[in-house]
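Asks: I am attaching a structure below and will ask some questions about it afterwards.
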Amino acid sequence: MAGIVANLTTISLDASTIANVKGFTIPGAENKEFDITTLDSTIEEFKKSTLKVAKDFVFNLLLDTTDGTITEDDEGEWVITLPKQESGSTVQSSFTFQGFVRMVGDIEGDEAGDTGLTQEITIRATSVVTVVLES
């Protein structure tokens, strides 16, 4: 899993922007499996499941208290929008998925100072993640 410096990246819940994303972790790929070993097997046998593994997205947010805050009760359609990399692009890259908040960390920092307010949250994806690439 790679951490991404996410300058100007935003996180939205049900079409309302909540915060700017300072950094985040995109979960890697993983397959579920089930054991099909029988008494006649000479080695353990496994079969890949058609079910996808639910993933956790971890975000380090730079909070703007005028945008609202994220609570442990939040769930719905999450959209993570990345800044344009090319000046001629008309579509920004984004990740869209259904999910709920699994963990809300402490709010840290100084709103009046240089650091601003930051908070780490974990969101469990409950749907397939749709990825739109910049174009």
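Asks: As an exercise, identify the trypsin sites (Lys or Arg not before Pro) in segment 55-135 lying in DSSP coil whose Cβ has no more than 11 other Cβ atoms within 10 Å.
Replies: For trypsin sites (Lys or Arg not before Pro) across segment 55-135 that sit outside H, G, I, E and B with at most 11 neighbouring Cβ atoms in 10 Å, the list is empty.
Asks: Something else: Can you give the FRET efficiency to the nearest 0.05 for F100 and T38, using r as the Cβ-Cβ distance and R₀ = 30 Å?
Replies: My answer for the efficiency is 0.20.
Asks: Once you keep just the Cα pairs under 8 angstrom separated by 6 or more residues, what percentage relative contact order results for segment 2-132?
Replies: It rounds to 25 percent for segment 2-132.
Asks: I would also like to ask the following. Give a quick list of GluC sites (Glu not before Pro) in segment 18-82 that DSSP marks as loop, anything other than H, G, I, E or B, with at most 15 other Cβ atoms within 10 Å.
Replies: E30, E44, E45, E72
Asks: Stretch T126-Q85 to full length: gain in nm at 0.36 nm per residue minus the Cα-Cα span?
Replies: Difference between extended and current length: 11.9 nm.
Asks: Residue farthest toward the positive end of the dipole of the chain, with Cβ of Lys/Arg at +1 and Asp/Glu at -1: which of L39, I123, T25?
Replies: Checked the options; the winner is L39.
Asks: A further question on this structure: Which ³J(HN,Hα) values, rounded to whole Hz and listed in residue order, are derived for segment 69-84 from phi using the Karplus coefficients 6.51, -1.76 and 1.60 in 6.51 cos²θ - 1.76 cosθ + 1.60 with θ = phi - 60°, glycine and proline given as x?
Replies: 10, 9, 10, 5, 8, 6, 7, x, 8, 9, 10, 10, 10, 8, x, 5
Asks: Give me the distance in nm between label points sitting 7 Å out from Cα along the Cα-to-Cβ direction at A29 and F46, one decimal.
Replies: The modelled label-to-label distance comes out at 1.6 nm.
Asks: Something else now. For the chain, what is Rg from Cα atoms divided by 2.2 N^0.38 Å, rounded to two decimals?
Replies: That works out to 1.32 for the chain.
Bear in mind that the values in this text are calculations on the coordinates, not laboratory data. From a predicted model like this one, the values you see are computed outputs, not experimental measurements. Please note: Cβ atoms are built from the backbone with ideal geometry, for glycine as well, and neighbour counts cover all protein chains shown.
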